[in-house]
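These notes are about the structure you will find just below.
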Amino acid sequence: MGDVLTYEADLLGMVKEYLMFCEFEETLKLFEKECKIKGNSSPRPSGNLLKDDKVLAVQQDFLSSFDDGDVKVFFELWNAHIPTDIRDFDPVAQKLEFYIQIHFAIFPLKHSLGRSDRVNFEERITHFKHYLETRGATLSQTTEFLPFYALPFVPNPMAHPSFKGLFQESWMPELKRKLEKFLSVTLRASGTPRLLTLYVSSGHKGLRQLQLQLADAERRAASYMKKFGKMQTDYHNLIGVTAELVDSLEATVSGKMISPEYLQNVCIRLFSGQMRRSSVQSMDFTRPGTVSDTPCSLAISKPKDVPLLPSLDYERLKKDLSSGTDRLKALLLQALRWRLTRSLPGEQRDTVLQAFVANDLLDRHTNGQKGVLRLMKSSDEVVRQYTARLLNAFASLSEGRMYLSQIPSLMKILERALKTERKDSVTRENVLGALQKLSLRRPQQSAMIEHGLISWLVDELQESDSLSDYTLEYSVALLMNLCLRSQGRKKCAERADQVLRVLTDLLGHENDEIRPYVNGALYSILGIPAVRGKAREMSLEEILRCYAKEGNPELSRQIEFIIKQLNSGEVSEDGPESDDEEEEDDDEDDAMEADLDKEEVLQPELEELSGESLLTTEYLGIMTNMVRSKRRTATPLGQSIDEPLQRPVTPSSHRNVYVV
């Protein structure tokens with residue numbers, strides 16, 4: 001009650017101001033009369049209401065000082081007539097103020113003021129630098145503004161590629177038009193009742209705060225899911241190995257011997273996460289005490305006695321996928337994908353994939369005229385989406401990528417869908433994911449480079465803020481994989497200015513997951529002397545050092561490698577991945593990410609079969625499950641985490657994956 005009495009006069013004034021604004025004349029009379037009866041003086045309206053003629057005069061003063069380059073008068077007006085809550089919290093006002101500060105900083109370079117333009121420019125650039133360190137510091141994490149933080153350190157901005165847009169004839173009139181629009185709305189809004197302003201601003205801030213909290217909660221949940229998945233798989237592995245060792249101990253008590261081969265198998269399962277299989281197999285288990293110092297790290301292993309899924313009638317499946325209704329096609333595509341994504345890693349999943357390949361589920365030799373691939377051109381959006389999801393699931397597994405690479409028409413079909421599907425569609429996300437995973441294989445890399453995919457990616461990444469996290473991560477990772485090839489680097493060199501600008505902008509993106517791929521792409525293309533020359537012209541080293549100060553040690557170390565590459569004097573254009581090599585890249589990266597089954601738009605109706613029930617009820621085949629030993633190569637020794645990536649990778653190995 002005490003707080004109400006303290007601010008009573010101000011609160012009553014706000015109420016009166018609102019009633020006047022809404023023209024509640026009778027209510028206003030009763031309100032003033034009741035205030036007098038209760039012993040309160042007649043409340044005075046709060047706020048600073050501007051008349052229309054005054055608004056026009058102030059607006060004209062703003063525009064005159066803008067045209068004359070009078071930074072002092074302009075910001076005196078700005079601080080006097082733009083409310084504090086708008087100046088400090090409104091994104092439109094903050095963005096406009098940033099560009100106006102740039103306008104005044106470079107004004108001497110565009111107009112002669114009758115005195116030494118150079119001295120005047122240095123004074124203004126010092127003022128702009130002070131702004132960046134104070135009010136402008138809040139925008140330092142925004143990709144759009146980050147390049148301009150290097151402006152005070154560039155001797156001649158007019159000749160710098162990153163700032164040439166500021167000196168085009170259309171830039172200043174466009175900025176002035178935005179200023180006029182902002183002033184016409186804001187100055188008249190100063191006549192808005194303060195009660196309404198408080199309501200709107202508090203609601204906006206509350207919503208924004210909730211959105212930030214939601215985003216933070218989602219990030220933490222994703223991190224916890226990864227940790228939980230690892231703990232769960234470690235637990236299953238530990239329980240399985242413990243049970244076997246207890247059985248072995250009982251056997252030794254009974255006088256039975258344990259073979260060295262058995263101990264070697266257990267050791268392989270335990271140490272596969274830290275040691276190469278060949279090293280474990282070379283251990284001599286017939287000599288007691290020789291393996292006691294081996295570092296033990298629990299690795300993921302499949303549970304024992306995993307049942308194999310029933311075999312299917314693939315001929316009937318392919319027939320219904322070709323001639324069935326659109327809904328049946330979508331349900332079958334969903335069920336087949338779930339067979340892959342929901343099967344247990346190891347023998348069960350291997351058997352599912354091998355059955356798909358052995359029965360040629362995608363009709364690899366039809367050249368896209370029939371079969372599943374034809375569904376990518378379906379008029380039904382759900383059918384196209386679920387076809388893309390299935391192809392993405394295939395591409396998530398090394399043997400699936402090998403199978404997809406044998407389809408001659410696949411690359412053209414995927415690239416066509418990538419360029420025709422809606423920008424925000426799940427279909428395009430999955431097509432992009434499939435292409436990125438296929439880029440782990442050298443023949444597919446070559447085809448993508450030849451078809452001009454690098455130019456498409458560079459154009460797409462110029463609007464990175466409008467892309468989903470999935471699209472952004474897989475686009476940048478795909479660009480890096482293609483840049484690792486000498487032909488890809490040459491394509492980048494043809495438009496080096498644009499590629500370098502896009503990559504440096506991406507370094508400042510709020511999504512930290514993309515930084516390893518951006519660093520890898522930069523490091524790779526800087527191996528070409530022509531690109532290094534362009535990078536020096538745009539003062540890339542100064543920009544990189546700004547990012548290195550952000551406090552991320554790993555990022556800072558990688559940037560040092562990039563700067564070293566930038567300043568190298570090598571003339572050879574052959575990088576770590578030569579196009580003359582015959583062998584393919586190591587393609588054993590298997591990771592089934594959770595995004596494959598996200599946002600399911602297809603839901604079964606009442607009593608409608610779906611998923612595994614649909615397959616085993618309508619398409620059960622003769623039991624023919626036979627699992628081959630899966631081809632495995634020794635995992636290559638990893639490079640130092642300090643260096644930028646120099647081998648093709650896929651983000652799926654870093655994202656949430658399915659766990660047992």
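The values are calculated or read from the model by the stated rules, or taken from the named source; none is laboratory data. Quantities reported herein were computed from a predicted structural model and do not represent experimental measurements. Here the Cβ positions follow ideal geometry from the backbone for every residue, glycine too, while neighbour counts run over all protein chains shown.
Which ones in region 508-537 are part of a helix (DSSP H, G or I) and hydrophobic (A, V, I, L, M, F, W, C)?
Across region 508-537, the qualifying residues are I514, V518, A521, L522, I525, A530, V531, A535.
Of everything in region 228-273 that's part of a loop (DSSP other than H, G, I, E, B) and among the polar types (S, T, N, Q), which residue is modelled with the highest pLDDT?
Per the stated criteria, the residue is S254.
Taking the residues in region 381-415 that are closer than 25 Å to D320 by Cβ and of a type in the set (K, R) as candidates, determine which candidate is surrounded by the fewest Cβ atoms within 10 Å (Cβ to Cβ).
Looking at the filtered set, the residue picked out is R384.
Considering only region 455-507, give the helices (runs of 4 or more DSSP H) lying wholly within it that have at least 2 residues that are in contact with a Gly (Cβ under 6 Å, 6 or more places away or on another chain) and not assigned by TED's automatic domain parsing to the domain that holds S162.
469-483
Return yes when L472 is buried (at least 20 other Cβ atoms within 10 Å of the Cβ) and over 25 Å from L566 (Cα atoms) and no when it is not.
Taking the combined requirement at face value, the residue satisfies it.
Starting from region 76-89, take each residue that is β-branched (V, I, T) and list its partners that are surrounded by 15 or more Cβ atoms within 10 Å (Cβ to Cβ), counting only C-beta distances under 8 angstrom and pairs at least six apart or across chains.
Close Cβ pairs satisfying both conditions: I82/A93; I82/T186; I86/A93; I86/T186.
When residues of region 128-172 are filtered for being of a type outside the set (A, V, I, L, M, F, W, C) and either in a helix (DSSP H, G or I) or not assigned by TED's automatic domain parsing to the domain that holds K95 (or both), how many remain?
So the count comes out to 15.
Let's see how each residue does on (1) within 26 Å of Q232 (Cα to Cα); (2) at pLDDT 55 or above:
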| position | (1), (2) |
| --- | --- |
| S578 | no, no |
| E608 | no, yes |
| E612 | yes, yes |
| T616 | no, yes |
| L620 | no, yes |
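This table checks each residue for (1) in contact with a Lys or Arg (Cβ under 8 Å, 6 or more places away or on another chain); (2) of a type in the set (G, A, S); (3) surrounded by fewer than 20 Cβ atoms within 10 Å (Cβ to Cβ); (4) free of Cβ contacts under 8 Å to residues at least 12 places away in the same chain.
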{"position": "R337", "(1), (2), (3), (4)": "yes, no, no, no"}
{"position": "L361", "(1), (2), (3), (4)": "yes, no, no, no"}
{"position": "L375", "(1), (2), (3), (4)": "yes, no, no, no"}
{"position": "S379", "(1), (2), (3), (4)": "no, yes, yes, yes"}
{"position": "D424", "(1), (2), (3), (4)": "no, no, yes, no"}
{"position": "R428", "(1), (2), (3), (4)": "yes, no, no, no"}
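Take region 154-163 and flag every residue that is surrounded by 13 or more Cβ atoms within 10 Å (Cβ to Cβ) and more than 13 Å from A105 (Cβ to Cβ).
Passing the criteria: H160, P161, S162.
For E513, work out the one condition from (1) of a type in the set (D, E, K, R); (2) buried (at least 22 other Cβ atoms within 10 Å of the Cβ); (3) closer than 15 Å to T650 by Cβ it doesn't fulfil.
(2)
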